[in-house]
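Taking it in order: structure first as structure tokens, then the write-up.
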Amino acid sequence: MIKITFPDGNIREYNSGVTPMEVALSISEGLARNVLAAKVDDQVVDASTAIQADAHVQLLTWNDTEGKKTFWHSSAHLMAEALEALYPGTKFGIGPAIENGFYYDIDLGDKEFGSDQFKQIEDKMLELARQKSEYLRKPVAKADAIAYFQEKDDEYKLELLEGLEDGSITFYTQGNFTDLCRGPHIPQTGFIKSVKLLSVAGAYWRGDEKRKQMTRIYAITFPKAKELEEYLFLLEEAKRRDHRKLGKELELFAFSEKVGLGLPLWLPKGTILRERLENFLRRAQVRAGYSPVVTPHIGSKELYVTSGHYAKYGKDSFQPIHTPDEGEEFLLKPMNCPHHCEIYKVKPRSYKDLPLRLAEFGTVYRYEQSGELHGLTRVRGFTQDDAHIFCRPDQVEDEFMKVIDLVLYVFKALGFHEFSAQVSLRDKTDREKYIGRDEDWEKAEAAIIKSAQEKGLPYVVEYGEAAFYGPKLDFMVRDALGRKWQLGTIQVDYQLPQRFELEYTGSDNQKHRPVMIHRAPFGSLERFVAILIENTAGNFPLWLSPDQLAVLPISEKYEDYANDIYLRLQERDLRGYVDHRDEKIGRKIRDAEVSKVPFMIIVGDKEQAEGLVSIRKKGQGDLGSMTLDAFMAIAQEEIQQLTHDK
Ligand SMILES: [Zn+2]
Ligand SMILES: [Zn+2]
């Protein structure tokens, strides 16, 4: 008998050789119908794998990321089977699962291929899925595997086989299709109930542009037809919310080839939005004990030689700027940290001065290949909501907690209620590659985990993901469409204080080295605004809306009254515009709605006579007529609620 430990800590005994599927059946038939694969100890395996010894077992279903991955990778085999049936002679590269769905790189020879063939492949896949063919695993000798793919004349699989060791090679067969694969796979094709081919693109074999260009087919599958519908709806919605599209429509930002690729131009409305975000964070930071600083956009090459950035990025980034003076070289700032280290050094520091928290909305420039640029999320110049905390080693934990508090405050105020974190620590065994004292690392790593736990932050720990100079914590948020975005980072750094020879005098009167913490809740304003646009579909909360209101006179007779109303609103820091156009009121309302203005203030004969305003709220319609003071009270309350800024 062997002992199987379940994720909830329950332990059950089974005969040695039991499979995860049998384990599932022993619990309930309903569960067994949903089991796609299993995690035995740390390895994901087929549900039909015999378990020979005591083990921790997690049964994987569609609700687990690894279950989904197994489902999608198995679907790639199904698509390959369909392709082989429809286009005999097709050669296959690789077919992995990706975040949403899967792809297969194929070589169709000289056959034409395009999206008009999608339907035929989808139908074939569904037909094959209905046959409920099992995915059968079979170990094969390398020589036999080579013979098989020589027979098929598939040079791609043959090349993949070159890198594999005899004795470790397995084939998977479902129906009439056999693939070289180490698995795991779902039990049988009948689990796949809906299929959608999404797109087709060219992809170089092994990512090498000197090699053959293959056809990459992206697709997605689901265990229920309804889930495909929902997915396609979200996909459409994502297109509708694309920040590049909305940024143009709402006149927030633009790009000009003449200014340069990847260099965003913030238009007046976008600038209002950005400044509101900056001010919001600035206030929160001052309350949290940060000191704002300002540093230049360039720094001498020496500065970055000292910081190590020149060695790391120098060749692959913007090249040095020369002046008429012999030998004088500057670099565009790729990071703000070196400048802040020099601010730390302007005077001697004592242990009582720490922590020192320096904050700057610092604009940095990094070279990105033109093909990598994407709207505001991948740019060549961007502004970080940056800060560096210089503290004693014993203050790291406390500072971490405070940073997490600040970051969560920011996320919640901006409508991101679902977030998680990744804690990146050293490799468990290989410790040679990290700088800094072992005991400091241990302390900092423990501090990060403890702060995440204490703050109730859902997190995963990744070993070996730390930078060589320190451990870090990255924040992820989930947006309204359920997509995950990586946002800000908190990073401990033992390296820069060493490179810049930063010191403080301890209570023992000795010199000590401070620890540096880099942190940026938004990451960059550009990226954050992009995510904010897509999360809200451009319907920003009132306090962030570039135009918070539109005053709409019914005709020109009420212009003066409208202007007077707007002046009084401006005095209370409410911004927007008066629509002076000679248009019908219906048209003015429609245009304000398209521009996503939160409040419309309509004034006509009745309003002017009674000294009132009529209010329409976007998404809610008519709020009736009221005094201007009553309206301002409603608006102020909404602003305060949203920023929690009471
Ligand atoms: Zn496979
Ligand atoms: Zn930094």
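Specify the angular offset, from 0 to 90 degrees and rounded to the nearest 10, of the alpha carbon long axis of helix 142-152 from the longest principal axis of the alpha carbons in the chain.
That works out to roughly 80 degrees.
For every other residue with a beta carbon closer than 13 angstrom to the beta carbon of His309, add +1 if it is Lys or Arg and -1 if Asp or Glu, then tell me the sum. Don't jump to the answer; show the numbers that get you there.
On the way: positive: Lys301, Lys312, Lys315, Lys333, Arg366, Arg499; negative: Glu302, Asp316, Asp493.
So the surrounding residues net to +3.
Might you tell me the accessible area per residue for the chain, computed with a 1.4 Å probe and given in Å²? Kindly include the intermediate steps, with their values, before the conclusion.
Numbers: 31850 Å² over 646 residues.
Value returned for the chain: 49 Å² of accessible area per residue.
Considering only protein heavy atoms, what is the solvent-accessible area of Glu372 at a probe of 1.4 Å, reported in Å² to the nearest 10?
It works out to around 90 Å².
Could you tell me which of rounded, prolate or oblate describes segment 401-542, using a ≥ b ≥ c as the square roots of the eigenvalues of the alpha-carbon gyration tensor, with rounded for a/c under 1.5 and, failing that, prolate when a/b is larger than b/c and oblate otherwise? Don't jump to the answer; show the numbers that get you there.
Values: a/c = 2.40, a/b = 1.90, b/c = 1.26.
Prolate, since a/c reaches 1.5 and a/b exceeds b/c.
If you find the alpha carbon centre of segment 256-280 and of segment 97-157, how far apart are they in angstrom?
47 Å
Viscosity 1.306 mPa s, temperature 10 °C: what is the translational diffusion coefficient of segment 287-363 from Stokes-Einstein with a Kirkwood Rh over Cα pairs, rounded to a whole number of µm²/s?
Details: Rh = 14.0 Å.
In µm²/s, the coefficient is 113.
Based on the mean of other beta carbon atoms within 10 Å per residue, what is the order of 592-603, 340-351, most packed first?
Numbers: 592-603: 21.1, 340-351: 15.4.
Result, highest mean first: 592-603, 340-351.
So what are the radius of gyration and Dmax for the Cα set of the chain, in Å?
Computed over the Cα atoms of the chain, radius of gyration and Dmax are 30.1, 95 Å.
Kindly sort Cys181, Cys391 by accessible area of their heavy atoms, largest first, with the probe set to 1.4 Å. Before the final figure, lay out each step's value.
On the way: Cys181 20, Cys391 0 Å².
Reading off the accessible areas and sorting them downward yields Cys181, Cys391.
Find how many whole Å separate the alpha carbon centroid of segment 470-518 from the alpha carbon centroid of segment 568-640.
Between the Cα centre of segment 568-640 and that of segment 470-518, the gap is 46 Å.
Carbon and sulfur atoms: what percent of the 1.4 Å accessible area of the chain do they account for? Can you show the working numbers first?
Working: 15230 of 31850 Å².
Its accessible area is 48 percent carbon and sulfur atoms.
With a/c under 1.5 counting as rounded, go ahead and sort segment 276-328 into rounded, prolate or oblate using the C-alpha gyration tensor (a ≥ b ≥ c being the square roots of the eigenvalues; past the cut-off, prolate if a/b is larger than b/c, else oblate). Walk me through the numbers before you get to the answer.
Details: a/c = 2.88, a/b = 2.43, b/c = 1.19.
Prolate shape, in that a/c is at least 1.5 and a/b is the bigger ratio.
List the residues whose amide H sits under 5 Å from the amide H of His56, counting only those 5 or more places along or on another chain, with H placed 1.01 Å from N in the peptide plane.
Amide H neighbours of His56, under 5 Å, 5+ apart: Thr5, Asp41.
Where Rh denotes the Kirkwood radius from the mean inverse Cα pair distance, what is Rg over Rh for segment 525-646? Let's see the in-between values first.
Values: Rg = 14.6 Å, Rh = 14.9 Å.
With Rg and the Kirkwood Rh in hand, the quotient comes to 0.98.
Where a ≥ b ≥ c are the square roots of the eigenvalues of the C-alpha gyration tensor, would you call segment 467-568 rounded, which needs a/c under 1.5, or, failing that, prolate if a/b is larger than b/c, or oblate?
Values: a/c = 5.77, a/b = 2.33, b/c = 2.48.
Judged from the Cα gyration tensor, segment 467-568 comes out oblate (a/c at least 1.5, b/c at or above a/b).
With both bridge residues required to lie in the chain, what share of the DSSP beta bridges run antiparallel, to the nearest 5%? Present the calculation step by step, with values, prior to reporting the outcome.
Values: 93 of 111 bridges.
Antiparallel bridges: around 85 percent, rounded to the nearest 5.
The values are calculated or read from the model by the stated rules, or taken from the named source; none is laboratory data. Quick caveat: nothing in here was measured; it's all calculated off a predicted structure. We place every Cβ from the backbone using ideal geometry, glycine too, and count neighbours over all the protein chains shown. Areas reflect the complete protein model, heavy atoms only, side chains present, ligands, DNA and RNA absent. Shrake-Rupley method; radii C 1.70, N 1.55, O 1.52, S 1.80 Å.
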